[in-house]
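Each remark here refers to the structure printed beneath this line.
The values are calculated or read from the model by the stated rules, or taken from the named source; none is laboratory data. The model shown is predicted, which means the values in this text are computed figures rather than measured ones. We place every Cβ from the backbone using ideal geometry, glycine too, and count neighbours over all the protein chains shown. Calculation scope for accessible area: heavy atoms of the full protein, side chains included, ligands and nucleic acids excluded. Shrake-Rupley method; radii C 1.70, N 1.55, O 1.52, S 1.80 Å.
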Amino acid sequence: MEKSSNIQVISPNVKYTEDYIYADYEYEETLVTKKDNELLVKPYQTSLCIRTARKVGRLGIMLVGWGGNNGSTFTAAVLANRHQLSWQTKNGKMDPNWYGSITQASTVRLGIDESGKDVYVGMSELLPMVHPDDLVIDGWDISPLNLAESMVRAKVIDYDLQQKLKKEMSAMKPRPAIYDPDFIAANQADRATNLIRGSRYEQYLQVRADIKDCRDRNKLDSVIVLWTANTERLCEVRAGVHDTSDNLERALRNNDTEISPSTIFAMAAVDEGCCYINGSPQNTLVSGVVERAERAGVFVAGDDFKSGQTKLKSVLVDFLVTAGLKPVSIVSYNHLGNNDGKNLSAPKQFRSKEITKSNVVDDMVESNNILYKPGEKPDHVVVIKYVPYVGDSKRAMDEYTSEILLHGTNTLAVHNTCEDSLLATPLILDLALLTELFSRVQLRRDDTEEWQSLHAVLSLVSYLLKAPLVAEGAPVVNALGKQRAAIENMMRACLALRPIHNMQLEHKVYTLNHSLTQSFNHSLIQSFTQSIIHSLTLRFLYHKVTNE
Ligand SMILES: NC(=O)c1ccc[n+]([C@@H]2O[C@H](COP(=O)([O-])OP(=O)(O)OC[C@H]3O[C@@H](n4cnc5c(N)ncnc54)[C@H](O)[C@@H]3O)[C@@H](O)[C@H]2O)c1
Ligand SMILES: O=P([O-])([O-])O[C@@H]1[C@@H](O)[C@H](O)[C@@H](O)[C@H](O)[C@@H]1O
């Protein structure tokens, strides 16, 4: 049962057929060129036709690291919502929700009503999307624990809800996975007993067989493979190994030790026609994988879920810089006690995370050459400490110091207790649902061209990721507001609706306001007249009946 959209766009630029929504869309941009000390600004438009397939297929999500905190919490959340399970806590009875998911719990502005008031609808109502209740979940883990045991180990889900989920989740068992102790912390070795043996190529073949098995057994139309396993060390990208699809395959067949487990999973997913999403910070998606995805016509996306401390950073720094205040020192410290934190306590794995947590301010800093000279950046330090006692309840402490007027300073100190897996789980859902949606979108400039999909690197889902992978040569955007606007406006474009501009001239220009009021008054009088007629009719009928 997909989330039905009861929105009908009445426009000459939109056509609904049984299979597609067709939208004629004018994509507008402005070309700026420098001439001497002048900037020449030239607006231009590209006419596009966008079509969105209306049939939402049966989607499977295969999680690498299914038995982890995120994987078990995601599974619990899907089941709790599907079965509408309620549970008792010390604060009383709780009902399931999808808070933290932009597709399920956020709204988008559709337009204005007759009175000029904004009208908002759920993001998932804009276009046909997979319903979370219909998701088929499967996956792999190096740990043999079933999903109920994994949920207990994670210590994230409330006890009473665990009891209600235990039976169904105990029947879910992660498939054996690919383990290479050279890529994750040594402290993970004790859980690595559920393994695919053999060479890297044999492991790749087994993962492909697993995907095929999952797709056939569940009669799926599509499968998305999503990595939520432990953070790996960065792989040393080598020419002749990671740089092209063919070199990567050759290296895989030669059992090259610099091919990481995550890259093997990515290759297997892409070769099975599946999109692959990297929820961790390591450089899985080397150019050889991207080329392979381009050839296969599937999406890859990554890196590293943007769930808490970094998500806030991509808002705060955007606010400061766009307010003309100059962040000069950013210190992000956090400690956590879950297995992710345990793995990150190893230097090489921490380095992967340090990079993705540090680069998130670059685009905002580079956007303002009044505040920053070329190459100038704020001091930026990231610290992560492992403190077992706090478990999944990560404690983030941030200090943002900015230079303000006449070289004064402003310091923001933030304490942010992020229930890590409860913040990451909705992102897993949104990554899957938005990737599936955008796989049904095609564009062309006119009917002389073939329909084409979006670029294989799905940077539209950057909002959900700390270090967004982008098409070669494309700019990286980390500012959260811009990332969200990209998703909203792309979905609007699929309905031939212009981007949101927030100008509200209806309330700022008399003539516009007046005409709006006029049309509102007209409809008010119309509905008032109708109600008078309606009540007179009822009165007549009542009178007639009582006198017979
Ligand atoms: N808020 C968040 O939780 C958050 C935010 C951003 C990124 N992440 C990243 O998401 C990942 C998962 O986080 P978590 O809290 O669920 O960690 P976790 O340690 O609880 O779960 C990871 C799971 O992956 C398994 N695993 C490790 N290597 C594997 C392999 N090669 N194949 C299959 N399974 C493997 C482990 O056994 C474990 O069950 C981490 O890389 C983390 O950095 C988490
Ligand atoms: O998204 P965010 O809260 O900035 O980043 C988090 C880190 O602060 C945390 O230490 C790590 O364990 C999580 O995997 C996640 O990456």
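Numbers at a glance
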read-out: Enumerated strands (runs of 3 or more DSSP E) restricted to the range 19-68, each holding at least 3 residues that are modelled with pLDDT of 95 or more and either under 20 Å from Ala493 (Cβ atoms) or open to solvent by 100 Å² or more (accessible area, probe 1.4 Å) (or both); value: 20-35, 38-53
read-out: Some residue of the range 374-381 being among the charged types (D, E, K, R), closer than 25 Å to Asn283 by Cβ and either within 16 Å of ligand 1 (Cβ to nearest atom) or buried (at least 16 other Cβ atoms within 10 Å of the Cβ) (or both); value: no
read-out: Subset tally (residues that are open to solvent by 20 Å² or more (accessible area, probe 1.4 Å), farther than 20 Å from Asn478 by Cα and not charged (D, E, K, R)) for the range 347-369; value: 2
read-out: Sole residue being away from ligand 1 (no atom under 13 Å from the Cβ) and without any contact (Cβ under 8 Å) to a residue 12 or more places away in the chain, chosen from Gly273, Gly240; value: Gly240
read-out: Of the criteria (1) more than 16 Å from ligand 1 (Cβ to nearest atom); (2) charged (D, E, K, R); (3) under 28 Å from Asn230 (Cβ atoms), which one Asp318 fails; value: (3)
read-out: Test: Glu291 is open to solvent by 30 Å² or more (accessible area, probe 1.4 Å), more than 16 Å from ligand 1 (Cβ to nearest atom), free of Cβ contacts under 8 Å to residues at least 40 places away in the same chain and out of contact with any Asp or Glu (no Cβ under 7 Å at 6 or more places or on another chain); value: no
read-out: Flag if Asp303 is acidic (Asp, Glu), over 22 Å from Glu399 (Cα atoms) and open to solvent by 10 Å² or more (accessible area, probe 1.4 Å); value: yes
read-out: Selected residue [open to solvent by less than 10 Å² (accessible area, probe 1.4 Å) and either in the same structural domain as Ala479 (by the TED database) or away from ligand 1 (no atom under 13 Å from the Cβ) (or both)] from Asn278, Asn283; value: Asn278
read-out: Residue match in the range 300-307 (condition: among the hydrophobic types (A, V, I, L, M, F, W, C) and away from ligand 2 (no atom under 12 Å from the Cβ)); value: yes
read-out: Scan of the range 321-344 for residues that are within 12 Å of ligand 1 (Cβ to nearest atom) and touching a residue at least 60 places away in the same chain (Cβ under 8 Å), ordered by number; value: Asn334, Leu336, Asn338, Asn339, Asp340, Lys342, Asn343, Leu344
read-out: Selection count where residues are open to solvent by 50 Å² or more (accessible area, probe 1.4 Å) and closer than 21 Å to Gln206 by Cβ, scope the range 146-178; value: 2
read-out: Any pair with Cβ under 7 angstrom, 6 or more apart, that starts in the range 152-175 at a residue that is among the basic types (Lys, Arg) and ends at one that is in a helix (DSSP H, G or I); value: Lys166/Ala148; Arg175/Asp210
